[in-house]
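Taken together, the values in this text are just the output of simple stated rules run on the coordinates, not laboratory data. Small disclaimer: the values here were computed from a predicted structure and weren't measured. Here the Cβ positions follow ideal geometry from the backbone for every residue, glycine too, while neighbour counts run over all protein chains shown.
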Amino acid sequence: MARASHPNYLVIGIWLAGLMLLGVVLSELSGGWLPIPRWGVVILVLGLSTVKAGLVALYYMHLQTDRPLLVLVFLAPFALIVLALGVVFSSAFVRL
């Protein structure tokens, strides 16, 4: 009988801490040290946050080994958020 391999939670925690530190450094240095506009830093920090949320969901919430139906239930709110953002941003470009 094969043993299931368990992820190394310490390494994942170090990755999460490193990504958090990178987000903090990006937001603190965006005032003039970095040649990146503020909106670019916001997009980078949101991307880092998305990666962190994915790591937490896959490893700490054990979605990596769950059935595909549970993963679909978990991802459904993200699809709704994308649709809502699409409506909000599309209405900003259209004048009634």
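Points worth noting:
- P(r) tail fraction, the chain - alpha-carbon pairs more than 23 Å apart, %: 49
- Linear extension gain, Asp66 paired with Ser49, 0.36 nm per residue minus alpha-carbon span: 3.9 nm
- Relative contact order of the chain, defined on C-alpha pairs under 8 angstrom at six or more residues apart (%): 22
- Of the chymotrypsin sites (Phe, Trp or Tyr not before Pro) in region 28-96, those whose Cβ has at most 12 other Cβ within 10 Å and which sit in DSSP loop: Trp33
- Within region 1-58, the trypsin sites (Lys or Arg not before Pro) that combine a DSSP coil assignment with at most 10 other C-beta atoms in a 10 angstrom radius are Arg3.
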